[in-house]
Amino acid sequence: MNSIIDYIKIRDPNEKEFHQAVFEVVESIKPVIAKNPIYTSQKILERMIEPERTIQFRVPWIDDQGEIQINRGYRIQMNSAIGPYKGGLRFHPSVNLSILKFLAFEQVFKNALTTLPMGGGKGGSDFDPKGKSDREVMRFCQSFMSELYRHIGADTDVPAGDIGVGAREIGYLFGMYKKLNNEFTGVFTGKGLKWGGSLIRPEATGYGNVYFASEMLNTKKETLEDKTCLVSGSGNVAQFTIEKIIELKGKVITVSDSSGYIYDPEGINKEKLQFIKELKNVKRGRISEYATKYPNATFTQKKENETYNPLWDHKADCAFPSATQNEINEQDALNLIKNKVQLVSEGANMPSTPEAVKIFLDNNLLYGPGKAANAGGVSVSGLEMSQNSMRLSWDKNEVDRRLKDIMKNIHKTCLDASKQYGYSNNYVAGANIAGFTKVADAMIDQGLV
Ligand code: GLU
């Protein structure tokens, strides 16, 4: 097992996020490998860490000043053992191969946990939609799709949104795909409701994370009622996490974006959440405006070279990191413990560093890792694919009911797998073991391809 870690370090020395995601899985599945020598003889792990296909391409476009801009586009088709490649596109200046490979790798396990037939992939660009006009975003998306279209398809690879890719971008990308291929198919998820999208898809990641957290609390006969919650981020995942927590009578006191965070001791109510939605989804403004509108709240600007994030240093019961990878470091985790937080449920992908995860586990926190806790988003994507294939659409209650069932099921699967291999209520080990065995067994069934 350790040789795999040395192997990827030598082969891809600069991909530190990818190493981090692989190390976590390798650690968790040691007892599975020990009990099932076929995984070693079939070199399953070695095969899983190598993407089936990596596509990298040039994305040239013209900005509003008439100047030519060049970005990089990517799609990692990681694993198709249990279904077509499936996973979001991320548009953010930090995007590179390491980040996309870690996201694609995690997606394989996450998608396996959903029980739906989806393989794993991820893609995106170092393009930054922040501050760009709608026309610039459209030109960029069209150029991006003029290459990507030949690599994807409803039964091949089905992209969706992620950071920087929301309803607007999916609309432009889908429109260009439809034009180039001369076909209207379910090649994307997260589509607009009027053109093949599913009800509850925008809500799914946030709602699903809160359903997962409620399941974890339920093991201690507790609920979210009257619990004080820390939420980071203010995008799609954070917004609907807050919405569901309010509905379940919890109190959310923080929200953030890349410029800093808001602390609102009175709690974010429905009206304030509506303000955040309009600010972020329509005006595309900065979160500091919340403190101007609601003066009892304070805005703390993000400082360069911060050693810890003050957002995680408030007295609370639960934390829902919903911004980005590695947003909770060792010091943040120690602060959460000091402030008596008893539950961390990850809306973002890999928001906690390995040091932070160790602290959560050593302190017996209810800790839901992203690949289990935030699987609600891709689950409803899977339901969107089903509805597209059947050419019908389910109502809100139907999709929400299925989402709830899936999250309950993922929670149980994690606990069962963790127990089976001698871990005590360890959701990290459980998610990795259950995801790994499902994909590994499918790979063995299908031969060396
Ligand atoms: N980007 C989301 C994730 O990390 C959703 C992917 C999808 O719906 O395909 O799971």
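The values are calculated or read from the model by the stated rules, or taken from the named source; none is laboratory data. In this text the structure is predicted, and so the values were computed from the model without any measurement. When we count neighbours, we look across all protein chains shown, and the Cβ atoms used for this are built from the backbone with ideal geometry, even at glycine. When the accessible area is computed, the model is the full protein with side chains, heavy atoms only, and any ligands, DNA or RNA have been set aside. Shrake-Rupley method; radii C 1.70, N 1.55, O 1.52, S 1.80 Å.
Data table
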item: Residues satisfying the stated conditions in segment 358-380, i.e. within 16 Å of the ligand (Cβ to nearest atom) and either closer than 11 Å to I200 by Cβ or open to solvent by 10 Å² or more (accessible area, probe 1.4 Å) (or both); result: G376, G377, V378, S379, V380
item: Selection within segment 247-298 - in contact (Cβ under 8 Å) with a residue 60 or more places away in the chain and either surrounded by fewer than 12 Cβ atoms within 10 Å (Cβ to Cβ) or in contact with a His (Cβ under 7 Å, 6 or more places away or on another chain) (or both); result: I253, T254
item: Sole exception among (1) buried (at least 16 other Cβ atoms within 10 Å of the Cβ); (2) without any contact (Cβ under 8 Å) to a residue 40 or more places away in the chain; (3) not polar (S, T, N, Q) for Y85, by number; result: (2)
item: Qualifying residue in segment 304-312 (condition: of a type in the set (V, I, T), loosely packed, with under 15 Cβ neighbours inside 10 Å and part of a helix (DSSP H, G or I)); result: no
item: Residue match in segment 369-382 (condition: free of Cβ contacts under 8 Å to residues at least 60 places away in the same chain and out of contact with any Cys (no Cβ under 8 Å at 6 or more places or on another chain)); result: no
item: Candidate set: segment 347-356, residues that are buried (at least 21 other Cβ atoms within 10 Å of the Cβ) and not small (G, A, S); chosen: the one nearest to the ligand (Cβ to nearest atom); result: N349
item: One residue from F188, F184, F240, F174 being free of Cβ contacts under 8 Å to residues at least 40 places away in the same chain, open to solvent by 10 Å² or more (accessible area, probe 1.4 Å), within 16 Å of the ligand (Cβ to nearest atom) and not polar (S, T, N, Q); result: F240
item: Residue list for segment 195-220, restricted to those being within 16 Å of the ligand (Cβ to nearest atom), among the hydroxyl-bearing types (S, T, Y) and outside any helix (DSSP H, G or I); result: S198
item: Every residue from segment 104-135 that is part of a helix (DSSP H, G or I) and among the charged types (D, E, K, R); result: E106, K110, D134, R135
item: Any pair with Cβ under 6 angstrom, 6 or more apart, that starts in segment 101-119 at a residue that is over 20 Å from A417 (Cα atoms) and ends at one that is within 11 Å of the ligand (Cβ to nearest atom) and in a helix (DSSP H, G or I); result: M118/N111; M118/G382
